[in-house]
1. Provide the net charge surrounding residue 41, with neighbours chosen by a C-beta distance below 9 Å and charges set as Lys +1, Arg +1, Asp -1, Glu -1.
2. With all protein chains present, how much of the accessible area of the chain (probe radius 1.4 Å) comes from carbon and sulfur, to the nearest whole percent?
3. What list of ³J(HN,Hα) values in whole Hz, one per residue of the stretch 12-20 in order, does the Karplus curve 6.51 cos²θ - 1.76 cosθ + 1.60 (θ = phi - 60°) give from phi, with Gly and Pro shown as x?
4. Go through the chain and name the trypsin sites (Lys or Arg not before Pro) that are in a DSSP coil and have 14 or fewer other Cβ atoms within 10 Å of their Cβ.
5. Using square roots of five times the C-alpha gyration tensor eigenvalues, list the equivalent-ellipsoid semi-axes of the chain in whole Å, biggest first.
6. How about the chain: which GluC sites (Glu not before Pro) there are in a DSSP loop, with at most 15 other Cβ atoms within 10 Å of their Cβ?
7. Multiply the residue gap between residue 79 and residue 50 by 0.36 nm, knock off their C-alpha separation, and tell me the result in nm, one decimal place.
8. Select from 71, 22, 35 the residue farthest towards the positive end of the dipole of the chain; place +1 on Cβ of Lys and Arg, -1 on Cβ of Asp and Glu, and compute about the Cα centre.
Amino acid sequence: AETLVQRIAADPGDLDARLKLAQRHVAENQYEPALEQLLEIIRRDRKFNDDAGRKTMLSVLNLLGGQGELVSKYRRLMASALN
């Protein structure tokens, strides 16, 4: 994870590193940092890796049960980023 953080620090537009870091966070049950990375991918390049940011974000929100404060917050942020 540290290598991915360094890659992002060196190049904030490294969306591949952001996606991998988000996947690491999900594997470690750190959902909010994962959602932040995925949201940034959507903001920077909606079409990146066949819309991986949005698709992965929806998967994480479903994993969280599709409800609750965190889910509501990131659904709103995603909707805003997609407009």
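1. Numbers: positive: 18, 43, 44, 46, 54; negative: 40, 45.
Value of the local net charge: +3.
2. Details: 2270 of 4860 Å².
Here it works out to 47 percent.
3. Using θ = phi - 60°, the values come out as x, x, 6, 5, 4, 5, 4, 5, 5 Hz.
4. Working: sites: 7, 18, 20, 24, 43, 44, 46, 47, 54, 55, 73, 75, 76; in loops: 46, 47.
The qualifying sites are 46, 47.
5. The equivalent ellipsoid of the chain has semi-axes of 20, 15, 10 Å.
6. Working: sites: 2, 28, 36, 40, 69; in loops: 28.
When the GluC sites (Glu not before Pro) of the chain are filtered for loop state and at most 15 Cβ neighbours within 10 Å, 28 remain.
7. Values: separation 29, 0.36 × 29 = 10.44 nm, distance 1.79 nm.
Result: 8.7 nm gained on full extension.
8. It is 71.
The values are calculated or read from the model by the stated rules, or taken from the named source; none is laboratory data. A quick note: this is a predicted structure, and the numbers were derived from the prediction, not measured. Positions of Cβ are backbone-derived with ideal geometry, glycine not excepted, and every protein chain shown enters the neighbour counts. SASA here: full protein model, heavy atoms, side chains in, ligands and nucleic acids out. Shrake-Rupley method; radii C 1.70, N 1.55, O 1.52, S 1.80 Å.
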